[in-house]
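What follows is one structure encoded as C-alpha cells, with my remarks underneath.
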C-alpha cells in the first residue's frame with residue numbers, strides 16, 4: 001500500500017499551516033502594540049495611598065489636627081452665648097460660628113482617618129493634641145509628668161525628663177523641666193519637644209502652645225459671666241482665638257499640598273476675617 005499523499009491534499013495542508021502562522025503573527029503584533037511603552041508626555045496619575053486621589057503632606061496633617069482643636073474650643077465658647085449673652089448680635093455670631101465649624105470638624109476628622117493620622121482627643125477644654133494631651137492644669141503626659149500643680153519634685157521619681165532620670169542635683173535633665181529648686185520650668189512645661197502649654201493646650205505637633213487659645217481660667221470666667229460682661233469677654237476671647245486659627249489657615253494655604261484642605265483654609269480666612277471685623281464693631285473698638 002502506498003504511503004504517498006496526493007498533491008491536492010499536501011497543498012491543502014500547507015495552506016492551513018500558512019494561515020495559522022499568519023493568524024498567530026497578527027495576534028502577536030496586536031498584543032505588542034497594546035502593551036508597548038506609553039508615549040512621552042502622556043499623563044500617568046498614580047492613586048494616592050490614602051485613597052483620596054490626591055497627595056497630602058505633613059502640613060496638611062498639622063492643619064487638620066490644629067484646626068480641630070481651634071474649632072472645638074470656639075464651638076464651646078459659642079455654645080455659651082445662647083443663654084448668657086445679652087447682645088443679639090453676639091448670639092447670632094455665635095450661632096454662625098457653630099454652624100460653620102461643626103461640619104468642618106467632621107470633614108477634618110474624615111481626612112485624618114483616611115490618612116491614617118490620629119485625631120486629637122478632646123480634653124475638658126476641647127483642646128488637647130493627639131500626641132500630648134496636657135491636662136487642664138498644665139501637667140504633662142505620663143512620660144514626662146509633673147505634679148498636679150505643675151511643679152516637679154526634686155526626687156528621682158519626678159524629674160520631667162523624657163527618660164525619667166534625674167541629674168546629680170536631683171533636678172530634671174536639661175530637656176526635662178525641674179529647676180534647681182525642684183520646681184517646674186517657668187511655664188510649667190516639659191521638654192521643648194513635648195510641652196503642654198500653661199493652659200493645657202498643646203500644639204498639633206506637641207511642640208508648644210497654640211496662639212490665641214483661651215486658658216482654662218479664661219474659659220471659666222466666660223462660663224460664669226452673663227449679660228454685657230459676657231458679651232465683652234466673648235468678643236475679646238473669640239477675636240484673639242480667630243487670629244490664632246487664621247494664622248494656621250494662612251500657613252496651610254502657603255505650605256499645604258492637599259487641595260481640599262487648602263480650599264478650606266482659604267474659606268476659614270475669608271469667614272473669620274469678616275467675623276473679626278464684626279466683633280470690632282460689637283466691642284466698639286473698631287478695626288484697622
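Quick look at the numbers
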read-out	value
Residue 267 being over 20 Å from residue 84 (Cα atoms), in a helix (DSSP H, G or I) and in contact (Cβ under 8 Å) with a residue 24 or more places away in the chain	no
Criterion (at pLDDT below 95 and either exposed (fewer than 15 other Cβ atoms within 10 Å of the Cβ) or within 19 Å of residue 70 (Cα to Cα) (or both)) met by exactly one of 287, 271, 251	287
Residue match in the stretch 60-82 (condition: crowded, with 18+ Cβ neighbours inside 10 Å, modelled with pLDDT of 95 or more and in contact with a strand residue (DSSP E or B) (Cβ under 8 Å, 6 or more places away or on another chain))	no
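The values are calculated or read from the model by the stated rules, or taken from the named source; none is laboratory data. Quick caveat, the model's predicted, so the values are computed rather than measured. Note that each Cβ is placed from the backbone with ideal geometry, even for glycine, and that neighbours are counted across all protein chains shown.
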